[in-house]
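The structure appears below as structure tokens.
The values are calculated or read from the model by the stated rules, or taken from the named source; none is laboratory data. Owing to the predicted nature of the structure, the values given are computational and were not obtained by experimental measurement. Cβ coordinates were reconstructed from backbone atoms using ideal geometry, including for glycine residues, and neighbour counts include every protein chain displayed.
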């Protein structure tokens with residue numbers, strides 16, 4: 001089953017944007033970059049993806065483990081935190 005990512009505007013309560021075909025299993029972790037230009041997601045489908053928040057397209061995809069979460073790094077490379 002395809003799992004979407006939905007981003008909500010906290011001031012209006014309205015959906016700001018979404019990515020329909022983000023992952024094929026439950027998403028367990030999301031993290032925005034400090035400048036909000038990128039969104040990293042990790043899923044039980046064993047993928048971690050970095051999304052461009054303007055175009056909502058995948059900028060990078062990598063294999064992920066099911067025991068970690070995405071976290072921000074200074075170089076914006078995809079990392080996993082196993083704690």
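With the stretch 32-81 as the region, which strands (runs of 3 or more DSSP E) entirely inside it contain at least 3 residues that are modelled with pLDDT under 90 and more than 19 Å from residue 2 (Cβ to Cβ)? Show your work before the answer.
On the way: elements: 38-43, 47-52, 58-63.
Ranges flagged: 58-63.
Of everything in the stretch 2-31, what is surrounded by 14 or more Cβ atoms within 10 Å (Cβ to Cβ) and in a strand (DSSP E or B)? Give them in sequence order.
Keep residues of the stretch 2-31 that are surrounded by 14 or more Cβ atoms within 10 Å (Cβ to Cβ), which gives 3, 5, 7, 19, 22-23, 25, 27-31.
Passing the criteria: 3, 5, 7, 19, 22, 23, 27, 28, 29, 30, 31.
Are any residues in the stretch 1-31 modelled with pLDDT under 90 and over 19 Å from residue 62 (Cα atoms), and if so, which ones?
Passing the criteria: only 1.
Give all pairs with beta carbons closer than 7 Å in which a residue from the stretch 43-60 that is farther than 13 Å from residue 30 by Cα meets a residue that is in a loop (DSSP other than H, G, I, E, B); count only pairs at least 6 apart in sequence or on separate chains.
Every condition considered, the pairs that remain are 45/24; 45/25; 46/64; 46/66; 60/78.
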